[in-house]
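Accompanying notes for the structure given below.
The values are calculated or read from the model by the stated rules, or taken from the named source; none is laboratory data. Note that the structure is a prediction, hence the values are computed from the model and not measured. Cβ sites come from the backbone with ideal geometry, for glycine too, and all protein chains shown count toward neighbours.
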Amino acid sequence: MRRTRTLAGIGIATVALLALTACNSGSPSSPGGDTGDGGDAGEDSTWFEVASDVSLEGSPTFDKMQEADKVTIGVKEDQPGLGYLDVTTGERTGFDVDIARWIAASLGFDEDKIEFKPIASANREQAIINGDVDYYVGTYSINDKRKELIDFAGPYFVTGQGLLVAADTPEAEKLEDFNGKTVCSATGSTPIQNIKANFPEIKTQEYDLYSACVEDLLSGKVDAVTTDQAILIGYAAQYPDELKVTGGLFTEERYGVGLAKGDTALQEHINTLFTDGGDIWQAIFDKNLGSSGIEVEQPAVD
Ligand code: GLU
């Protein structure tokens with residue numbers, strides 16, 4: 001299990017990435033070079049300085065974390081490159097997971113004080129409302145409907161809805177190319193909502209997890225998987241002979257950190273971390289997605 005390293009006596013203002021070694025020669029199943037097998041850089045590669053004596057006036061979530069002496073973070077664990085659990089080694093990797101670790105370190109929580117909880121797309125708002133997670137980092141698009149129930153910090157990443165198809169499928173240019181065909185996505189996700197609302201001639205198949213859609217695509221039960229292109233690139237890299245990403249970006253998806261509604265102290269803390277931590281953001285991106293072909297800059301927070 002990857003462990004962060006604690007450096008005692010470092011204040012929050014100096015929270016920084018100590019070292020983040022790019023290890024781009026990772027496993028063949030890895031879109032970003034370090035997914036799934038724990039990397040191969042010898043000395044493990046990610047660690048964040050853990051802040052000490054953090055005080056966050058007026059954050060009920062932070063008070064709860066301190067009382068529990070741990071932070072509970074909602075994540076995905078079947079999305080290589082973004083949020084992935086290697087069930088053999090128990091190691092979690094991915095851009096979102098490292099963003100989650102960075103936030104935890106800034107709040108004073110080392111790796112052994114993090115509990116990661118997998119939460120599917122459809123269940124995110126309720127998990128945050130229930131207090132099942134202290135925050136959520138997992139390809140979570142900021143939108144007004146969700147903002148009625150929860151708050152977001154960020155954005156920290158921007159992508160858009162894309163298409164994943166069998167490698168021998170003709171290139172698609174638009175979603176309408178799949179009229180009359182079956183497209184799979186996750187329940188409660190923005191891409192499935194977009195298809196249902198705006199593309200009535202496309203048939204849909206839904207699952208809790210995108211990995212179930214990918215299984216159906218590999219076995220020919222569906223014609224395409226649709227979700228954010230950054231997610232699809234990870235699956236295409238897992239099955240380079242069988243699958244490919246086709247078409248462009250059909251929407252704009254801005255990823256935020258899901259937070260309990262009204263916890264502006266935590267929201268401001270994370271937004272400041274993102275704003276001041278451009279080098280760290282870049283290092284996290286390079287490590288996890290640097291060799292994926294995704295070209296994106298860190299967005300400004302809202
Ligand atoms: N970003 C989209 C969403 O938040 C799709 C990815 C996901 O389901 O996590 O709905």
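At a glance:
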{"quantity": "Answer residue from the range 118-162, given it is in contact with a Leu (Cβ under 6 Å, 6 or more places away or on another chain) and acidic (Asp, Glu) and is farthest from the ligand (Cβ to nearest atom) among those", "calculated": "Asp151"}
{"quantity": "Selected residue (criterion: farthest from the ligand (Cβ to nearest atom)) from residues of the range 222-263 that are among the polar types (S, T, N, Q) and under 19 Å from the mean Cα position of the chain (by Cα)", "calculated": "Gln238"}
{"quantity": "Residue check for Thr226: at pLDDT 95 or above, out of contact with any Cys (no Cβ under 9 Å at 6 or more places or on another chain) and within 12 Å of Gln161 (Cα to Cα)", "calculated": "no"}
{"quantity": "Cross-chain or 6+ apart pairs with Cβ under 6 Å, the range 74-86 first and of a type in the set (A, V, I, L, M), then away from the ligand (no atom under 12 Å from the Cβ) and in a strand (DSSP E or B)", "calculated": "Val75/Phe116; Leu85/Arg92"}
{"quantity": "Test for Asp168: is it without any contact (Cβ under 8 Å) to a residue 60 or more places away in the chain and among the acidic types (Asp, Glu)", "calculated": "yes"}
{"quantity": "Of the criteria (1) hydrophobic (A, V, I, L, M, F, W, C); (2) modelled with pLDDT under 95; (3) closer than 17 Å to Asn271 by Cβ, which one Val50 fails", "calculated": "(3)"}
{"quantity": "Set Glu125, Glu176, Glu115, Glu171: member being of a type in the set (Asp, Glu) and assigned to a strand (DSSP E or B)", "calculated": "Glu115"}
{"quantity": "Leu273 part of a helix (DSSP H, G or I), crowded, with 20+ Cβ neighbours inside 10 Å and touching a strand residue (DSSP E or B) at 6+ places or on another chain (Cβ under 7 Å)", "calculated": "no"}
{"quantity": "Residue in the range 197-205 that is surrounded by 15 or more Cβ atoms within 10 Å (Cβ to Cβ), without any contact (Cβ under 8 Å) to a residue 24 or more places away in the chain and more than 16 Å from the ligand (Cβ to nearest atom) present", "calculated": "yes"}
